[in-house]
Each structure stands twice: as structure tokens, then as C-alpha cells.
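The values are calculated or read from the model by the stated rules, or taken from the named source; none is laboratory data. Computed from a predicted model, the values in this text were never measured in an experiment. Counting neighbours? That spans all protein chains shown, and the Cβs are built from the backbone with ideal geometry, glycine included. Please note that ligands, DNA and RNA were not included when accessible areas were found on the heavy atoms of the full protein model with its side chains. Shrake-Rupley method; radii C 1.70, N 1.55, O 1.52, S 1.80 Å.
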Amino acid sequence: MKPRLFKKSSQKTGMSPGTIVHIGEKKVDRVTIEVIEYDESNFTSKRVESIKESIPLKEKPAVTWINITGLHDIDLIRKIGSAFNVHPLVQEDIVHTGQRPKLEDFDDHIYIVTKMIFVDPGLDEIIDEQISILVGKNFVITFQEQKGDVFSAVRDRIVHGRFRIRKLGADYLAYALMDAIVDHYFIVLERIGELVEELEEELLNEPTQKTLASIYGLKRKLITMRKVIWPLREVVGNIERDEIQFFESSTYIYLRDVYDHIIQTLDTLETYREMVSGMLDTYLSSVSNKMNQVMKVLTIIATIFIPLTFIAGIYGMNFEYMPELKWHWGYPAVWLIMIFVFIAMIIYFKVKKWI
């Protein structure tokens, strides 16, 4: 089943703002909570059963990263909202998986919505997953829909402690997570580039109806990616321009790097979109040329048979006083005339370069 470009939100119709309703697919059976706490010299990682175990960590000077996998547990979202003073509208947006990438600044936290994109290797379909990021003074809480993400490199840097991430605060962790998401866009674009090359080769060799379906499928993938990446540019740009709280000035240079990567992905995406549009035109031209060739052959055949049919029609009337009817060489003569007309027309068509 292909992923939907737009998620349905009709089940929230008529409800008051801040009503928490999970919109989207239930992608995990059980919600899991992973807690990583670290500073320059120490590091701990554990799975907890309840969010209550993580509440005391927000008062510690160390950076705490809480990763929630699964969004269908409404009670858990409410408990997190109460413990970390998360605005009801933010809680509502966390479980609404059809959000557009955006940034919202509150007194106690910053709320960032991003989209993680990856390619389903079996179907070659692009799947996007909403990642919500809450950034506080010394904590980051991430919400994802299902198991598996692109944050393994960030976790490794925290574990090994040889990189600046252990020396800096929660703002740098938030940057690192966004950077990992954006960097993965390049991997998806590489796969799309391979599909573009395969389709171009197919168009040059023998385009079929399946080729047209593949072109439209690729166009759908590009629309999905543009819908995800374009608003993220605004999010990163707003953090840098508006001097959002909890983000230190030293982190802005890294955010500019993320912004540059987003611009690169958008440029590549637009190039692919133009190429796919060109391939669609090429396919339609190819089909039109094939039809023209068929019509050309049929027209030449019909043109050749017009004089032959005329001759056959005259001598097929069998009038009593037609002198050729009783001529001994009449039948062979008609055949010779018809063959001569046929050869003469073929030569004429070749001289005119119509065939």
C-alpha cells in the first residue's frame, strides 16, 4: 500500500483546541522510553517503564535525552506534558502525525516538528515519519512513531565521548538530531537519482506503459520530499535569525551548516523534478512518434494500393465490349502494369525520403 500524501484529520472535527487525539497509524504495540543522561565525564543509558523515573533528571545539570517510541498512548503524553509543563496545543500536535515541519517557542521549552525520511527497500517507496523534538534548558525529548531511526551516529558520539557533543548542552543535542535527519535526506536523494538514471535508460531503449507508471511514481516521491523539506528550511532559519531561547550563540554556526544542507537537498530535488517532468514529455513524444510511424506505414500501404485497386476495379467490371477481355496476354499484362506501378511508387517514396 502506498503511503498517503495527506493524512486524514476528520476525527478531530468539532473538538476543542488542545484535545489529544492520536491521528495516524499505530506502528508499535508497546510504547518504549529510552533515557540517555550525560555530561563531559559521565554517561548512562537505560530503558524505563514509566516517565516518572525521568522526571528528577530535568533538575540535574547533566543533559538528558528522553526518546519516546510510539505515539498512541495518550495517557503517557499527558503525563509528560504535566511533568515538563508542555503546552496542551503541543501535546495535541505530538500525536497528530500529519503536522507540517514547524517551530514553536514557549517559556519553558521549544517545540520542533521535523520529518524523518527513508526508503522502503522492498517497495522502493519513500516513507516519512514525524519526529517531534522538545528542547528545554538541559533536556531534549523526542517522539517518534516507530522503532528505527537515523540517530545511531548521535548515540555513538555520546557513548564514546570523544566529540564535542558531551561538552555542550541540550541545544547542541537538538542540532545534532536535526543534522542527522537532514543528512539522511542525501541518502534518499541518492536512491532517487538511481531511479532517475534507470528510467532515463528505459526511455531511450523501449518505453512501455510500465515506464509511465514509474515516472508518475517517482514524481509522487519527489512531491513527498518537497512537502517535507521545504518547511524545514524555515524552521532552521528561524532558530538562527530569531535567537531562540535555549540555543547558545555558539550553536548557530552549526545550524547554518544544517541550513546549507537543506538548501543543497532542495536544489537537488528541484533538479530531479525538472528531469522527471522532461522524462514525462519524452515519453509522450515517444508514444506520439510511434503512433506517427504506424500511421505512416499504413498510409504508404494504402497509397500503393489505391492505383492497384483502380486497375483491378476497371478490369473487374467484365463489360461485353472491353477489348482486353479476349486478348491472350491481357492477364499477364495487367500484372506487369500493377507490378510496375508498385515499384515506381516505392522508388518515388524513397526519392522523397518518405520511407
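Each row is one residue, and each column tells you yes or no for (1) in a strand (DSSP E or B); (2) under 20 Å from ALA174 (Cα atoms); (3) not aromatic (Phe, Trp, Tyr).
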residue	(1), (2), (3)
SER45	yes, yes, yes
LYS52	no, no, yes
ILE55	no, yes, yes
PRO61	no, yes, yes
ASN67	yes, yes, yes
HIS72	no, no, yes
LEU76	no, no, yes
LYS79	no, no, yes
Just one of ILE306, ILE301 is closer than 30 Å to LEU203 by Cα and either out of contact with any Phe, Trp or Tyr (no Cβ under 7 Å at 6 or more places or on another chain) or in a loop (DSSP other than H, G, I, E, B) (or both); which is it?
ILE301
For the stretch 170-185, enumerate the residues that are open to solvent by less than 10 Å² (accessible area, probe 1.4 Å) and under 21 Å from the mean Cα position of the chain (by Cα).
LEU177, MET178, ILE181, VAL182, TYR185
Residue count, the stretch 323-343, condition open to solvent by less than 100 Å² (accessible area, probe 1.4 Å) and either of a type in the set (Ser, Thr, Tyr) or within 58 Å of the chain's Cα centre (by Cα) (or both), comes to 2
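Per-residue answers, yes or no, for (1) more than 21 Å from LEU266 (Cβ to Cβ); (2) open to solvent by less than 10 Å² (accessible area, probe 1.4 Å):
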| position | (1), (2) |
| --- | --- |
| ILE187 | no, no |
| GLU202 | yes, no |
| GLU206 | yes, no |
| GLN209 | yes, no |
| LYS221 | no, no |
| LEU232 | no, yes |
When both residues are 6+ apart or on different chains and their Cβ atoms are under 6 Å apart, which pairs have a first residue that lies in the stretch 328-355 and is under 17 Å from GLY316 (Cα atoms) and without any contact (Cβ under 8 Å) to a residue 40 or more places away in the chain, and a second that is open to solvent by less than 100 Å² (accessible area, probe 1.4 Å) and among the hydrophobic types (A, V, I, L, M, F, W, C)?
MET338/LEU308; MET338/ILE311
So which residues in the stretch 232-272 are among the β-branched types (Val, Ile, Thr), out of contact with any strand residue (DSSP E or B) (no Cβ under 8 Å at 6 or more places or on another chain) and under 21 Å from ASN138 (Cβ atoms), if there are any at all?
THR251
